[in-house]
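One structure below.
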Amino acid sequence: MLQFNLKIAWRNIWKSNVFSLINITGLAFSIACCLAISMFIWNELQYDAFHTNQDNIYRITEKQDQAGTVYNVAVTPGPLAPALQKDFPEVANTVRFGRWSGVIKNGINTFEEKDVLLTENSVFTTFSFPLLKGNATNALRSPDQIIITETTAIKYFGKEWQNNPALLGQVFRLNNEVDFKLAGVVKDPPINSSIHFQMLLPLSYLFNMDKWSYKWNSNNYHTYVHLKPGTDVLAFAKKIEKQLHKYNPDTKDLMELQPLRAQYLYSKFDFNTDWGKRSNIKYVKIFFAVGLLLLIIACVNFVNLSTARSLKRSMEVGVRKVNGASRKQLILQFLSESLLITTIAGIIAIIILKTALPYLQTLTANPLYINFSGVLFLSFFLFFIVVIGLIAGIYPAFIMSSFKPVRVLKNAGLQQSKKYFQQGLVVFQFTVSVTLIVCTFFMDRQLKFMQQKDLGFNQAQLIRLRLAGALKDKTALLKRDLDNQPSIAATAPATMSMVNVDNSSYLEWDGMQAKDKFLITQANVNPDFIPALGMRLLNGNNFSWQKTNDTANYIINEAAVKRMGYTV
């Protein structure tokens, strides 16, 4: 029976080639879009799922009370991790991460490394970052050790780094000041890891070098706890909420738990205290809604095209019923035809998706990994095709199989109520299409607004060059050389970029009240900064090379003026 239905379905598809081409093409593009969106959503939801202990790892975050204003931050004090492990039996392990960077030299190779994390040995037992070379039991236990990823190993030692018998123990010099010995090579963090690094340095190196970094007011580290299985997470979160008061009685800060699996999509913190790859659950919801609308439109389009041909197919239904065909047999035939069309469209959709995948990755600026031969994708694809085929074909199948031979001979066609339903589907299809077009128009206007918004400085032809390590001490020499280049109009050093807010402190002024206290972002610049960036002073004067007391002066923006209660 199935073979017979498929044969009849193929003949009908081939016979009505124009109709079939329109239907299959529309379905193919819709399915390709839905598959791409589904894979994007799946990839987003799978971040950090590769860790063996994923369900028991939590990050400690803080609600900081600063002059009555509460801020959410992802950083915590240096001594917090060992204190939690000592105070609470629920904690199986703890891991701390700190950000670092600098110029690294090994032999003749010198690179500026920005993706460096300070951490400790427990990172290898808590997280699933396996070592390819070295001993995970002893790695990072000494303050002079360094761990690099396999990509970094290729960068410094070439593709044959694994065959180097003298690899472990290689010396890496940081900022031409401190030497570290290579203790291991770790496998690259997967693309779906929210924790990324190229090098790992021991936290003990920092604590030995800078005693302040281990104080209770040194909020510079991400702290993770690995809870023992069976721990009541809500009860534990309540227990640690005010634990900072035990070690810092003056603080009003509270601690919270953030699941590791929520870190990628649900992180929203103040003052740039979070780092690593992050996204937003809103994007997932928006893409899901768009994909669902595309799927609905594709199914409605299929139904409309099929019911539009109902008068032409009615004679076929009438003849088959006269010859003894039951309604069940006719429904199976039309569903087989629908599934066959959907399968053909699905195969074409995969070809479209494979072709467009590189462009989609460029568009999303995020790796979109799809294993087309994997069991997961094939299972999802088959389920997707069956669901679409049934959804799109079930209404036409029931409508056309319900034709009565007498009405067919009288050319009665569809019942009026069914015509109303079909017309409603057409109206729905056009309504959704127009809505998406209008949304696209507003998104385009929003993007243009963002691109053309006056940021308060001239960003055209502006290049930021970050100086690290020993280069910081040669800023004046570099500026002099750049100023002599005919293609460079102006240069200006600054301690902060215009798009990265990560340096803030409190400011006091004459007439300030206690309630007026607020954090202000600051940067140290010289008199060249404002003219080089094309900024405009609304009042007052720029810094001056001639005035020796300029070191005690400062310039604020309009927002700060209003916050202080002044007028420009």
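The values are calculated or read from the model by the stated rules, or taken from the named source; none is laboratory data. What you are looking at is a predicted structure, and each value in this text was computed from that prediction instead of being measured. As a convention, Cβ positions derive from the backbone with ideal geometry for all residues, glycine included, and neighbour counts pool all protein chains shown. For accessibility, only protein heavy atoms count, side chains too; no ligands or nucleic acids. Shrake-Rupley method; radii C 1.70, N 1.55, O 1.52, S 1.80 Å.
Taking Phe40 as the residue in question, decide whether it is within 29 Å of Lys282 (Cβ to Cβ) and not in a helix (DSSP H, G or I).
So Phe40 does not fit the description; no.
How many residues are assigned to a helix (DSSP H, G or I) and touching a helix residue (DSSP H, G or I) at 6+ places or on another chain (Cβ under 7 Å) when one looks only at region 272-295? Explain how you work it out, then say what you get.
Taking region 272-295 and keeping what is assigned to a helix (DSSP H, G or I), we get 281-295.
Right, trim to touching a helix residue (DSSP H, G or I) at 6+ places or on another chain (Cβ under 7 Å) and you get 284, 287-288, 290-291, 293-295.
Selection size over region 272-295: 8.
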Check your understanding: Filtering region 255-268 down to residues that are part of a loop (DSSP other than H, G, I, E, B) and touching a residue at least 60 places away in the same chain (Cβ under 8 Å), which residue is most open to solvent (accessible area, probe 1.4 Å)?
Key -> Lys268
Check your understanding: For Phe236, which of the numbered conditions (1) over 20 Å from Ser122 (Cβ atoms); (2) among the aromatic types (Phe, Trp, Tyr); (3) surrounded by 15 or more Cβ atoms within 10 Å (Cβ to Cβ) fails to hold?
Key -> (1)
Study note, to complete from the structure: Reported set for region 184-203 where residues are open to solvent by 20 Å² or more (accessible area, probe 1.4 Å) and touching a Leu at 6+ places or on another chain (Cβ under 8 Å) is Lys187
Revision key, fill the gap. By residue number, the members of region 276-297 that are more than 20 Å from Gln46 (Cβ to Cβ) and open to solvent by less than 40 Å² (accessible area, probe 1.4 Å) are Leu295, Ile297
Check your understanding: Looking only at region 31-78, which residues are at pLDDT 90 or above and of a type in the set (Ser, Thr, Tyr)?
Key -> Tyr47, Thr52, Tyr58, Thr61, Thr76
Point to revise | Number of the condition not met by Ala460 [criteria: (1) modelled with pLDDT under 85; (2) aliphatic (A, V, I, L, M); (3) surrounded by 10 or more Cβ atoms within 10 Å (Cβ to Cβ)] | key: (3)
Revision key, fill the gap. Within region 129-143, residues being of a type outside the set (Phe, Trp, Tyr) and surrounded by 16 or more Cβ atoms within 10 Å (Cβ to Cβ) number 7
Practice item. List the strands (runs of 3 or more DSSP E) that sit entirely inside region 149-238 and contain at least 3 residues that are closer than 26 Å to Gln85 by Cα. Key: 199-202, 219-227
Check your understanding: Of the residues Lys228, Lys252, Lys246, which is surrounded by fewer than 17 Cβ atoms within 10 Å (Cβ to Cβ) and under 29 Å from Pro143 (Cβ atoms)?
Key -> Lys246
Point to revise | Pairs with Cβ under 6 Å, 6+ apart, first in region 539-558 and at pLDDT below 80, second among the basic types (Lys, Arg) | key: none
Review point. Does at least one position in region 58-71 carry a residue that is among the charged types (D, E, K, R) and either assigned to a helix (DSSP H, G or I) or over 30 Å from Ser505 (Cβ atoms) (or both)?
Key: no
Study note, to complete from the structure: Within region 274-317, of all residues that are modelled with pLDDT of 85 or more and aromatic (Phe, Trp, Tyr), the one farthest from the chain's Cα centre (by Cα) is Phe288
Review point. Mind checking which residues of region 75-101 are under 30 Å from the mean Cα position of the chain (by Cα) and of a type in the set (Phe, Trp, Tyr)?
Key: Phe97, Trp100
**Study point:** Residue list for region 473-499, filter: open to solvent by less than 50 Å² (accessible area, probe 1.4 Å) and either on the phi > 0 side of the Ramachandran plot or of a type outside the set (A, V, I, L, M, F, W, C) (or both)
**Key:** Thr475, Lys479, Thr491, Pro493, Ser497
Exercise for review: Taking the options Leu168, Leu118, name whichever one is more than 22 Å from Gln54 (Cβ to Cβ) and surrounded by fewer than 21 Cβ atoms within 10 Å (Cβ to Cβ).
Suggested key: Leu168
Point to revise | Of all residues making up region 103-120, the number that are in a strand (DSSP E or B), out of contact with any helix residue (DSSP H, G or I) (no Cβ under 8 Å at 6 or more places or on another chain) and not charged (D, E, K, R) | key: 4
Exercise for review: State which residue pairs qualify: first residue within 18 Å of His222 (Cα to Cα) and inside region 64-90, second residue open to solvent by less than 50 Å² (accessible area, probe 1.4 Å) and assigned to a helix (DSSP H, G or I) in any location, beta carbons under 6 Å apart, and separation of 6 or more residues or different chains.
Suggested key: Gly78/Ser213
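Among the residues of region 146-165, write down those that are open to solvent by less than 30 Å² (accessible area, probe 1.4 Å) and in contact (Cβ under 8 Å) with a residue 24 or more places away in the chain.
If we filter region 146-165 for residues that are open to solvent by less than 30 Å² (accessible area, probe 1.4 Å), which is where we start, we get 146-149, 152-153, 156, 158, 161.
Across region 146-165, the qualifying residues are Ile146, Ile147, Ile148, Thr149, Thr152, Ala153, Tyr156, Trp161.
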